[in-house]
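Input: a single structure, listed below in structure tokens.
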Amino acid sequence: MQTLNFPKYSFRFKNSENKISIFDHIRKKFVILQPEEWVRQHCIQFLINEKGFPESLINVEKELKINNLRKRCDIVVFKPDGSIHLIVECKAPHVTINQDTFDQIAKYNLSLNATYLMVTNGINHYYCLIDFNKECYKFLKEIPNYH
């Protein structure tokens with residue numbers, strides 16, 4: 001797999017029927033290693049190890065309903081009160097992050113009301129703070145540490 005723009009982390013791998021899987025600590029199971037999954041696993045480790053987010057508040061592939069359609073968020077980080085602190089959209093490294101990517105996560109956030117958004121393809125990371133009063137988002141240099 002491609003080297004990503006994250007610190008180096010160690011992962012558990014398994015090879016079964018010529019398919020490599022990576023262990024997801026949040027879901028507590030091995031999942032097929034695809035380029036987007038490689039980015040997601042790095043992002044999870046980044047949030048836990050670099051930003052101090054508790055594992056217990058992180059949810060992966062969270063399903064939600066938007067206008068009666070079922071959608072999945074790659075990573076959702078909750079606040080202790082159950083509200084949503086951060087949603088993350090992960091893309092494969094070869095996928096360019098553009099306005100459509102932000103529109104996708106912004107649509108998700110209409111029903112989730114997360115304070116922060118993160119979009120990453122493992123190479124480029126973008127962070128936003130949602131201003132609910134002005135109904136806009138402000139780009140940040142980095143996501144704040146969990147407190």
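The values are calculated or read from the model by the stated rules, or taken from the named source; none is laboratory data. Keep in mind that what you see is a predicted model, and the values were worked out from it rather than measured. Methodologically, a virtual Cβ is constructed for each residue, glycine included, from the backbone with ideal geometry; neighbour enumeration extends over all protein chains shown. When the accessible area is computed, the model is the full protein with side chains, heavy atoms only, and any ligands, DNA or RNA have been set aside. Shrake-Rupley method; radii C 1.70, N 1.55, O 1.52, S 1.80 Å.
For this structure, a couple of remarks:
- Label point distance in nm, Asn113-Arg70, each placed 7 Å from Cα along Cα→Cβ: 2.5 nm
- To put it simply, the accessible area of the chain at a 1.4 Å probe is 47 percent carbon and sulfur.
- Antiparallel bridge percentage (DSSP; both residues within the chain; nearest 5): 85 percent
- Modelled spin-label separation between Thr3 and Leu129, with each label point placed 7 Å from Cα along the Cα-to-Cβ direction: 3.4 nm.
- Exceeding the 19 Å Cα-Cα cut-off - candidates Lys107/Lys134; Lys28/Lys51; Lys107/Lys138: Lys28/Lys51
- Viscosity 0.692 mPa s, temperature 37 °C, Stokes-Einstein D of the range 56-110 from Kirkwood C-alpha radius, µm²/s: 271 µm²/s
- Calculated mean residue ellipticity, 222 nm, the chain: -5500 deg cm²/dmol, from DSSP H runs (n ≥ 4) at -39500 (n - 2.57) each, averaged per residue and rounded to 500.
- In degrees, nearest ten, helix 35-45 long axis to first principal axis of the chain (Cα): 70 degrees
- Net charge dipole, the chain: roughly 300 debye, given to the nearest 20, about the Cα centre with Cβ charges of +1 for Lys and Arg and -1 for Asp and Glu.
- Using alpha-carbon coordinates, inclination of helix 99-112 to the longest axis of the chain, degrees: 70 degrees
- Calculated Cα extents along the principal axes in Å (choose from (i) 50, 34, 30; (ii) 45, 33, 24; (iii) 37, 34, 24), label: (i)
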